[in-house]
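I have placed the structure first, in the form of structure tokens, so that the comments after it can refer back to it.
The values are calculated or read from the model by the stated rules, or taken from the named source; none is laboratory data. Everything numeric here is computed off the predicted structure, so don't read it as measured data. Here the Cβ is made from the backbone with ideal geometry for all residues, glycine too, and neighbour counts use every protein chain on show. All accessible areas refer to the heavy atoms of the entire protein, side chains included, with ligands and DNA or RNA removed. Shrake-Rupley method; radii C 1.70, N 1.55, O 1.52, S 1.80 Å.
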Amino acid sequence: MSQPINILYLEDDIPLANLIKRNLERKGYHVSIVADGLECVATVKHNPIDLLIADYNTPSLNGLGVLQSLQLANKMPLSIMVSGSNDVQVVIAAMKLGCSDYVIKEIDNYFDLLLVSIEKVLEKKRLIHDKELAETELIKSNQGLQRAQKLAKVGSWEYYPGELTANWSEQEYLNFDCPSDQAPSYEKYTRYIHPEDIANVEQKNALCLKKQCPVDFNFRLLLNDGSIRYLHCHTEVDTDQQHNIKRIFGISKDITAEVIAASKLQQAATVFNNTAEAIFITDANNVIISINPAYTQTTGYAEHEVLGKNPNIMSSGHHDKAFFAKLWHELLHNGQWQGEIWNRHKNGNTFPVWQSITAIKDITGKIVQFVSIFNDISVRKADEELIRYQANYDSLTGLPNRNLFLDRISIALKRAQRENKQLALLMIDLDRFKWINDTLGHKAGDVMLQETARRLQSSVRDSDTVARLGGDEFIIIVSELQHPSDTEMIANKIFAAFKAPLQLENHEVFISGSIGITIFPDDGNTVETLQMNADSAMYSAKEDGRNRFHYFTPQLQAKAERHLQLVSLLQLAIERNEFDVYYQPVIDCKHHKVISAEALIRWQQPQLGFISPAEFIPLAEESGLIRAIGDWVVHRVAEDMQRWQKMGLPAMHISINKSPHQFSNESCDEDWLSIFKQHNIDVSRITVEITESVFMEKGRDYVKSLADMQKQGMKISLDDFGTGYSSLSYLKRFPVDILKIDRSFISDVSENASDAMLVEMILGLADKMHIAVIAEGVETAEQLAFLQKHQCQYIQGYFYSKPLPVHEFEDFFSKPLS
């Protein structure tokens, strides 16, 4: 039941007021009466009043004053003004103050007119209220629609062809990235459509208008920032009874996210189906629900064979329960696991894989699936194993290489120190291996190295290590040595193993080696010291005649330390000009005169005194200083020869020794020629002395180098002839002008028949080949007599003169021989 309308009646005519009250209350209204204007204002301010009926003429404050006061107080209720007069000015004033109606009360039907006015005013208020409610609901509805459209990214639009008007929703503006203060139009609609899609959009719109049926289509927008937005559009038309189009309307939905998601889903599906990595998906209970083709290719299992199965059908048995417990703990706590695991192929073979497992959770955080990705790493592991092998083992012999040797000797030393035991290192260097390699070829050399490795391994215990350090150098670690003398037994076993002949390229050859032995802790307690000591002992064995073993001794240590000292002093000697050149004359015994001399370097070290060339030249070659020393000698010889020319001394041929190591530098020949040219020396008076070892070197065309020197006018002399292995063949193969018979043959030529026969043979051969011969080391009259008897014309040795300082040599050759 609705509440009664509260009416306040301002009337100073109390009988009339009561009459009106009774009549209105019979109609269901609740009426209160006030006779004073001020009292009326107060009553309205403090009580809820639905309708005020105000008489114009009232005490204290008339009706207009009441309305004015209430308006100022913002308490103006719905009101009707009543008055006994029909004053238009009063009516206008009341209406301006917000009064809803005006009734004249000085007529017979006053109540009826008042009742009609009340009902009219209340109905108008009700209609206004209903309209406001409807408008409020419409606003709420539109706001809800706008929110819904914004959330769904769905915009709406309509176009009225007859009125040429169009409306866009707020979301439609957002979808088209268009300012909402711009009036919508078809031109704006098409402006944002991607140029490649305009024709299709217009075709779909034309189809909708022609057939007056709904159409759906997708197209792209090219936005102001250059990005692409995808829209789905639905368009319809409204028509009248004559099928004339009244309205065109539709919606557009932003489907960019859906398109991107679909593209990503397609990409994921493409990757899933085409990747080389095997993928399988299980549910929360670890039951396989999906696999990709690579899974079948990797494991051999087809889809129908694994769906609904547990992944343990691939179990290899390589891993224990603890492994899988750790796997599941990490997977469930971290959401993922990855690592190496062994699987079993359908054919039974096991293989390693690198596997990654990820837990997939729903929006509540509950695990719903597991995705596993793995790939067969058999080839990679094989490659890694090969790399590890190549890093630690010699590819030719299969022995540990230097890298693994250093690792094992470090471990062996720590163990020996911890257990207070001895350890030995045996350094083995093959004798004359370079000759085998150069003469029979590298293939034969490789076979020899392989056979050497096999025989060395057969000579030691399984607990010992045989390693190849490089070239023809091997080393053995003898751990847990009971007594130092046990190494002698091992060395003898090695020599015994070497005694069996080896067939190489249809040649029977024998393996020969020199062995150096050092003992821990007697000789040293570090890898570097022990290896250096073994090396020193090995070289001592080689110098002592080869194919034997030497123990490291303090004397060898002293020798090694002296070598290090001399190498350091050699560099300073060049800088400080400590070297000198001596000249040993070569005598033409037929004409009894000096015809040439050999330039010989001498070193008088300020602290150490005289140091023999036999000691420091090999060190210069090893350290790479031989080039600088050789160039110094050439400069000095050129200066001396230039001075002799200025002194007017007879022209003299000088021979200069050239090391094989100097031949390795291709600019050396040109540098020598340049030095002699600077000093105005005729190079035809220069002889270059070489040894047979030059011809043993590989890597450069020495024949061409020697031939080029001969073309410039220099002579080539082969020193120490007869001590090599293929001397006679060199005479045929290489350009040689002079042979120098080694002093080892000359020293016993008058007493040893074999040496005498060899010297005779060399002299006869050289004569037939038109090669000059110089006999070195002639010290006695008997030696000289033998050589003269067999037509050896040129003599060098102490019988005539030792090597002389330059000034003594100048005196010697400027005077006749005594």
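Enumerate the amide H contacts of Phe520 below 5 Å, restricted to partners 5 or more residues apart or on another chain; note that Pro and chain-start residues carry no placed amide H.
It is Leu423, Ala424, Leu425, by chain and number.
Just to confirm the number: angle between the C-alpha axis of helix 613-623 and the first principal axis of the chain, 0 to 90 degrees, nearest 10?
Between the helix axis and the principal axis of the chain, the angle is about 20 degrees.
Once you have the Cα-Cα distance between Ala628 and Gln3, take 0.36 nm times their residue separation minus that, and quote the gain in nm to one decimal.
Numbers: separation 625, 0.36 × 625 = 225.00 nm, distance 12.70 nm.
Full-extension gain reported as 212.3 nm.
Rounded to the nearest 500, what is the 222 nm mean residue ellipticity of the chain from helices alone, with -39500 (n - 2.57) per DSSP H run of 4+ residues and division by all residues? Write down the numbers at each step before the final one.
Working: 30 runs with 373 residues, N = 818.
Using -39500 (n - 2.57) per qualifying helix, the result is -14500 deg cm²/dmol.
Would you kindly find the accessible area of His30, with a 1.4 Å probe and non-protein molecules such as ligands, DNA and RNA excluded, rounding to the nearest 10 Å²?
90
Residue by residue, what Karplus-based ³J(HN,Hα) values in Hz, rounded to whole numbers, does the stretch 477-492 have, using 6.51, -1.76 and 1.60 with θ = phi - 60° and x for Gly and Pro?
Calculated HN-Hα couplings, in order: 9, 9, 8, 6, 6, 7, 8, x, 5, 4, 5, 5, 5, 5, 4, 5 Hz.
Can you give me the accessible area per residue for the chain, using a 1.4 Å probe, in Å²?
Numbers: 43470 Å² over 818 residues.
Roughly 53 Å² per residue, with all protein chains present.
Tabulate in residue order the Karplus-calculated ³J(HN,Hα) for the stretch 641-655, using 6.51 cos²θ - 1.76 cosθ + 1.60 with θ = phi - 60°, rounded to whole Hz; enter x for Gly and Pro.
Once rounded to whole Hz, the list reads 5, 5, 5, 4, 5, 5, 7, x, 6, x, 4, 10, 7, 10, 9.
For Ile377, what residues show an amide H to amide H distance below 5 Å, using hydrogens built from the backbone and excluding near sequence neighbours?
The list, which skips near neighbours in sequence, is Val353, Trp354.
Compute from the Cα atoms of the stretch 392-552 the Rg and the Dmax, the latter being the longest Cα-Cα distance, and quote both in angstrom.
In order Rg, Dmax, the Cα atoms of the stretch 392-552 give 15.2, 51 Å.
Considering the dipole of the stretch 580-814 built from charges on the beta carbon (Lys and Arg +1, Asp and Glu -1) around the Cα centre, which of Ile716, Phe812, Ile774 is farthest to its positive end?
Ile716
Once you put a point 7 Å from the Cα of Arg415 and another 7 Å from the Cα of Gln390, both along the Cβ direction, what distance in nm separates them?
Label at Arg415, label at Gln390, 3.0 nm between them.
To the nearest whole percent, what portion of all C-alpha pairs in the stretch 275-382 is separated by more than 16 angstrom?
Values: 3386 of 5778 pairs.
Distances greater than 16 Å cover 59 percent of the Cα pairs.
Could you calculate the contour length gain from Thr190 to Leu16, that is, 0.36 nm times the residue separation minus the distance between their Cα atoms, to one decimal place in nm? Each step should come with its number before you reach the end.
Working: separation 174, 0.36 × 174 = 62.64 nm, distance 7.42 nm.
Length gained between Thr190 and Leu16: 55.2 nm.
Checking the cross-link filter: which lysines have an alpha carbon closer than 20 Å to that of Lys443, excluding same-chain neighbours under 8 positions apart?
Partners found: Lys434, Lys698.
Using R₀ = 51 Å, calculate the FRET efficiency as 1/(1 + (r/R₀)^6) where r is the Cβ-Cβ separation of Ile313 and Thr526; round to 0.05.
Working: r = 56 Å, r/R0 = 1.11.
The calculated FRET efficiency here is 0.35.
Can you give the FRET efficiency for Asp87 and Glu137, using 1/(1 + (r/R0)^6), R0 = 41 Å, r = Cβ-Cβ distance, to the nearest 0.05? Walk me through the numbers before you get to the answer.
Working: r = 43 Å, r/R0 = 1.04.
Computed FRET efficiency for Asp87 and Glu137 comes out at 0.45.
Divide, for the chain, the radius of gyration over alpha carbons by 2.2 N^0.38 Å, where N is the residue count.
Details: Rg = 59.9 Å, N = 818, 2.2 N^0.38 = 28.1 Å.
In units of the 2.2 N^0.38 Å rule of thumb, it is 2.13.
Residue by residue through the stretch 439-444, which ³J(HN,Hα) values in whole Hz follow from phi under the Karplus form 6.51 cos²θ - 1.76 cosθ + 1.60 (θ = phi - 60°), with glycine and proline marked x?
Couplings: 7, 9, x, 5, 4, 5 Hz.
With labels modelled as points extended 7 Å from the Cα through the Cβ direction, what inter-label distance (nm, one decimal) is found for Ile128 paired with Glu258?
Inter-label distance under the simple model: 4.8 nm.
Near Lys346, which lysines are there with a Cα under 20 Å away, not counting those fewer than 8 places off in the same chain?
Reachable lysines: Lys309.
By how many degrees, between 0 and 90 and to the nearest 10, does the Cα long axis of helix 198-211 differ from the longest principal axis of the chain?
30
Please work out how much length the chain gains when fully extended from Leu174 to Gln242, using 0.36 nm per residue of separation minus the C-alpha to C-alpha distance, in nm with one decimal.
Full-extension gain reported as 20.9 nm.
Once amide H atoms are built 1.01 Å from N in the peptide plane, which residues 5 or more positions from Val460, or in another chain, come under 5 Å H to H?
none
Top to bottom by accessible area (1.4 Å), largest first, where do Met647, Met769, Met538 land? List each step's numbers first, then the result.
Numbers: Met647 100, Met769 75, Met538 0 Å².
Of Met647, Met769, Met538, the descending order of accessible area is Met647, Met769, Met538.
Which distance in nm do the two modelled labels at Asn273 and Ala651 give, with both placed 7 Å along the Cα-to-Cβ direction?
Once both label points are built, they end up 9.5 nm from each other.
How big is the shadow of the Cα convex hull of the stretch 164-246, averaged over all directions, in nm²?
Values: hull surface 23.5 nm².
Over every viewing direction, the Cα hull of the stretch 164-246 projects on average to 5.9 nm².
Rounded to the nearest 10 Å², what accessible area does Ser156 have for a 1.4 Å probe in the complete protein model?
The accessible area of Ser156 comes to roughly 30 Å².
Hey, if we sort Ile617, Ile626 by accessible area with the 1.4 Å probe, largest down, what's the order? Before the final figure, lay out each step's value.
Details: Ile617 45, Ile626 15 Å².
Ranked from most to least accessible, the order is Ile617, Ile626.
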